[in-house]
Amino acid sequence: IAGLGEYDKQLQKLQSSAIDFDIVKGKPLWKETGDDADFEQAVATANKAAELELELEAKAKAAAKEAKEAKEAKELKAKADAAKAKEAAATLTPQPGDATSFKDSKFKKLNDDLMKRESSADGNQPVAVEELWQSAEKLVNHYEGAIIARSFIEGLRADVTSYCEREWVEEDDLKTVSMLMWAAGKFGGIRSELCSLVNRAIREDERCAVLYDAVLISRSINKNLVASYEDKGLSRDQASSESNFRNWPNGPNVDLHTEGYSSNKDATWRGGGMPLVDLEWYLALEKKSCKKFRTKMFVASSFSRGVADDFSRMRYDTKNKEGTGKVLFKFNFQRHKCLHVNYIDKSQFPQEKEFLMPPYTALELVRVKVSKDLDVEPHMIEVNVMVDNQEEDNALPLAERI
């Protein structure tokens, strides 16, 4: 536009000098004779203006082409992301042959094999940190591709090195590395956190080609969730009668700045989206005499109800209210009793105040409150967390979503 303005100025200048000309393909056609110097100046000026106009026209066409290509690329990416999201959502739908309980799951078999390996009579063979890194890369590569996997692992290794140097922790400390993996931030792709991919693989179970790698990561993380008593050399019975948690939801009547400050005493919250078919599953369970069930994933919850509310709003699809509703879970704990939960203090998001439970955690449904208007409030599901997963029936039904 600036160039065309200059072109107009040049035309006006020529016209004011009483030189009569037309431009045809950038060449002036004289209708009157004039001074040779004026003629040459007019030709040069007209040609320069015409060249400028053609140059700007070419740039405008190139910009339009670039904008069109960018729009097409954005549309293709949106379609690809939608396809991947649909594929990911399909993993939550039970398939013929899927395990119907923890007892029948391939996860249990692989986890048991790892436990035997660690306590082998032929010698203790614990999982090495480098093996953990390899499994993490395989998992991301499987779902997101090699380029994203390599980039993610390189970035996370750098973050772990920085954390360990700052906190005076060895980089081969399995518990530290596994928790930093769990709490890692977004790295791209439709499922943008490693924790999401771990849970997806666990849900797929037998159908997942990299389930072993997810189980190895899960087993490493789980060492943090039971570390509160194992590290002290306590038995499960001793642990259930002592306060061995370095952090606990102590309610709102404590110092706001303490780690134990929470919206409710002995309770945590989880927010998310829930399709109608899954809500109906909980409503059906509510009518049964035995209301216990197990999860098919790690279950992260927050000390803060506000954080959970934010998650439920983010997951709520306002354009498809019949398909996806927002839900709020409340988890009730027996004070300082649960043997398989721990506060996540190694996180890029400390404001989430995360309490984490392992896959196949046993829960008991207390009540379901169906929302009359999801734009006003979410569905509410309240559950009790069992004290010891090992004491609960391995044949309990599995919740596909929580």
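List every residue pair whose Cβ atoms sit under 7 Å apart, with the two residues 6 or more apart in sequence or on different chains, where the first one lies in segment 296-311 and is charged (D, E, K, R) and the second, anywhere, is assigned to a loop (DSSP other than H, G, I, E, B) and surrounded by fewer than 24 Cβ atoms within 10 Å (Cβ to Cβ).
Between residues of segment 296-311 that are charged (D, E, K, R) and residues that are assigned to a loop (DSSP other than H, G, I, E, B) and surrounded by fewer than 24 Cβ atoms within 10 Å (Cβ to Cβ), the close pairs are K296/E400; R305/S263.
Among the residues of segment 351-402, how many are outside any loop (DSSP other than H, G, I, E, B) and farther than 25 Å from V277 by Cβ? Steps first, please.
Applying the first criterion (outside any loop (DSSP other than H, G, I, E, B)) to segment 351-402 yields 351-352, 354-357, 362-369, 379-385, 389-391, 398-399.
Cutting the leftovers down to farther than 25 Å from V277 by Cβ gives us 351-352, 354-356, 389-391.
The number of residues fulfilling the criteria is 8.
List pairs: first residue in segment 361-374 and under 30 Å from L339 (Cβ atoms) and in the same structural domain as L279 (by TED's automatic domain parsing), second residue surrounded by 17 or more Cβ atoms within 10 Å (Cβ to Cβ) and among the polar types (S, T, N, Q) anywhere in the structure, Cβ distance under 7 angstrom, at least six positions apart or on different chains.
Qualifying pairs under 7 Å: T361/T295; T361/N389; A362/N389; L363/T295; L363/N384; E364/N384; V366/N384.
(1) at positive phi; (2) buried (at least 16 other Cβ atoms within 10 Å of the Cβ); (3) not aliphatic (A, V, I, L, M): which one isn't true of G145, the others all being true?
(2)
Enumerate the helices (runs of 4 or more DSSP H) found wholly within segment 188-307, keeping only those where 1 or more residues are farther than 18 Å from R401 by Cα, at pLDDT 85 or above and charged (D, E, K, R).
On the way: elements: 194-204, 211-225, 227-230, 236-239, 276-286.
Ranges flagged: 211-225.
In segment 377-402, which residues are among the small types (G, A, S) and either crowded, with 18+ Cβ neighbours inside 10 Å or assigned by TED's automatic domain parsing to the domain that holds F107 (or both)?
Just the residues of segment 377-402 that are among the small types (G, A, S), to begin with: 395, 399.
Listed by number, the list holds a single entry, A399.
Quick one: how many residues across segment 367-388 are under 19 Å from K296 (Cα atoms) and out of contact with any Lys or Arg (no Cβ under 8 Å at 6 or more places or on another chain)? Please lay out each step first, then the result.
Here is the first cut: in segment 367-388, the ones under 19 Å from K296 (Cα atoms) are 381-388.
From the residues that got through so far, the ones that are out of contact with any Lys or Arg (no Cβ under 8 Å at 6 or more places or on another chain) too are 384-385.
Number satisfying all stated conditions: 2.
Would you confirm, using the coordinates I've provided, whether T91 is modelled with pLDDT under 60 and either closer than 30 Å to M297 by Cα or surrounded by fewer than 13 Cβ atoms within 10 Å (Cβ to Cβ) (or both)?
Working: modelled with pLDDT under 60: yes; either closer than 30 Å to M297 by Cα or surrounded by fewer than 13 Cβ atoms within 10 Å (Cβ to Cβ) (or both): yes.
Yes.
Go through segment 159-178 and report how many residues are under 24 Å from V198 (Cα atoms) and either touching a helix residue (DSSP H, G or I) at 6+ places or on another chain (Cβ under 8 Å) or touching a residue at least 12 places away in the same chain (Cβ under 8 Å) (or both).
Matching residues across segment 159-178 total 12.
Within segment 135-158, how many residues turn out to be among the hydroxyl-bearing types (S, T, Y) and under 13 Å from S196 (Cβ atoms)?
1
Which of the residues belonging to segment 337-346 are in a loop (DSSP other than H, G, I, E, B) and either modelled with pLDDT of 80 or more or under 16 Å from R270 (Cβ atoms) (or both)?
C338, L339, H340, V341, I344
The values are calculated or read from the model by the stated rules, or taken from the named source; none is laboratory data. Computed from a predicted structure; not experimentally measured. When we count neighbours, we look across all protein chains shown, and the Cβ atoms used for this are built from the backbone with ideal geometry, even at glycine.
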